[in-house]
Amino acid sequence: MMDLSHMDHQTELQSPVMPESARVSLIAAAIEELRPGVQLDGGDLELVSVEGDWVRVRLKGACVSCSLASQTLGGVRRHLMKVLGAPVRVVPAID
């Protein structure tokens, strides 16, 4: 499992409500921040969609068969909650 707790996003929310396009941009940027760390372990992440509080992420490479992939998704969820200041659900995209 990869430790994602050291990653910190510097974006602060200006108001509790933001346009959906800005929210999706924050989510995409936060996932891009996490990718290099995941890639060090031979995996990768791809943002597939954002629908309300559901964020679909495609796991690639070593993440596909890793028994700790759910822990990685949990780390992504915690990071996104910190960035957004609101709860989200991170689920794997299934092809």
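The table below gives the values:
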read-out	value
For Leu73, Leu40, order by how many other beta-carbon atoms lie within 10 Å, fewest first	Leu40, Leu73
Separation of alpha-carbon centers, segment 27-42 and segment 48-83, rounded to whole Å	10
Value of D in µm² per second that Stokes-Einstein yields for segment 42-95, Kirkwood Rh from Cα pairs, at 25 °C (0.890 mPa s)	217
Order of Glu33, Glu20 under a 10 Å beta carbon neighbour criterion, fewest first	Glu20, Glu33
Rounded to 5, percent antiparallel among DSSP beta bridges of segment 42-95	65
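Just so you know, all these numbers are worked out from the coordinates, no wet-lab data involved. A quick note: this is a predicted structure, and the numbers were derived from the prediction, not measured. Note that each Cβ is placed from the backbone with ideal geometry, even for glycine, and that neighbours are counted across all protein chains shown.
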